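The values are calculated or read from the model by the stated rules, or taken from the named source; none is laboratory data. Predicted model only: the values in this text are computed from it and were never measured. Here the Cβ is made from the backbone with ideal geometry for all residues, glycine too, and neighbour counts use every protein chain on show. Surface areas here come from the heavy atoms of the whole protein model, side chains and all, with no ligands, DNA or RNA. Shrake-Rupley method; radii C 1.70, N 1.55, O 1.52, S 1.80 Å.
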Amino acid sequence: MVGGLYRNLKYNLDFFRNNSAINDNVLSTSHETGVKKVVSSLSTCIFPNKTTYPIDETMIHNGPPHSSNFGYSHAKRMIDVLNQGYHTQHGCNFTSVIPTNVYGAFDNYNLEDGHVLPGLIHKVYMAKKEGTPLTVWGTGKPLRQFIYSHDLARLMIWVMRDYNEISPIILSVGEEEEVSIKEAAMAVVEAMDFKGEVIFDTTRADGQIKKTASNAKLRRYLPDFKFTPMKEAIKESCDWFVANYDTCRK
């Protein structure tokens with residue numbers, strides 16, 4: 001069970017209970033049936049709200065997460081606890097990855113439930129189609145690192161084949177590629193050639209201001225990995241959404 005900021009704010013208990021049940025069912029069944037390796041996906045929202053930056057893999061359990069998504073965050077943290085437990089007690093090779101904000105083809109473009117970039121892509125599409133201003137929720141100031149789904153897929157294959165630690169690994173572009181929500185929105189505006197007015201609705205919550213993550217551990221393993229440039233990846237994502245508007249998740 002996953003969703004954007006506003007869905008998390010509304011359903012924190014459901015996010016905790018449903019994801020905790022999923023975690024336990026998947027890993028217990030994997031153990032019982034002799035699955036050789038499991039790679040679970042966590043999220044950068046699991047890190048403590050009050051922390052030093054950049055965050056890294058050793059800091060997951062150092063304090064409470066941001067209150068906006070505490071249910072989802074605590075459930076995802078428990079995957080790391082389960083992985084360590086299954087390894088210690090049963091020798092299982094269960095590990096996890098921590099991607100930053102993912103975007104790309106086949107995403108969930110629902111305006112209420114989707115994550116930042118797919119939501120922005122859908123909003124820009126509708127504003128352009130209807131000739132209305134684009135309204136972005138929040139101030140646009142929060143900072144995020146985005147990873148293109150094609151890049152994440154390549155890294156997930158590497159993790160499955162070659163990453164043998166039980167402890168999680170952050171899969172992300174570098175700290176220097178962190179951008180504001182406003183910059184992300186304007187990149188979508190450019191990619192979709194939107195010429196209308198852009199409004200930031202400051203009555204809406206911003207969520208966590210920053211979640212800057214270090215990819216130093218990833219770079220020790222894969223120093224030469226090349227990420228797709230963000231403008232190129234956003235353009236590909238926007239083109240896919242337009243071409244598949246009638247059938248995509250929205």
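Brief remarks on what is shown
- Whole-percent carbon and sulfur share, accessible surface of segment 1-109, 1.4 Å: 55
- Efficiency of FRET between ASP224 and LEU111 - r from beta-carbon atoms, R0 41 angstrom, step 0.05: 0.60
- Shape summary of segment 117-250, radius of gyration then Dmax from alpha carbon positions: 16.7, 52 Å.
- Of all DSSP beta bridges in the chain, antiparallel share, percent nearest 5: 10
- With the whole protein complex present, TRP137 retains an accessible surface near 80 Å², based on a 1.4 Å probe.
- Amide proton proximity set for ALA213, modelled H, under 5 Å, gap of 5+: ILE55
- For PHE200, residues with placed amide H under 5 Å, excluding near neighbours: VAL136
- Helix 230-243 axis, angle to the chain major axis (alpha carbon atoms, nearest 10°): 70
- Sequence-distant residues sharing a close amide H with VAL102 (under 5 Å, placed H): ILE147
- Comparing Cα centroids, segment 61-138 and segment 183-217 end up 15 angstrom apart.
- Length, then width, then depth: along the principal axes, the Cα atoms of segment 65-153 run 60, 30, 20 Å.
- The chain, relative contact order in percent, only Cα pairs under 8 angstrom and at least six apart counted: 24
- Helix 181-191 axis, angle to the chain major axis (alpha carbon atoms, nearest 10°): 60
- Only DSSP H runs of four or more residues enter the estimate; each adds -39500 (n - 2.57), and after division by the residues of the chain the mean residue ellipticity at 222 nm equals -14000 deg cm²/dmol.
- Projected label distance in nm at GLU197 and LYS210, using a 7 Å step from Cα toward the beta-carbon: 3.2
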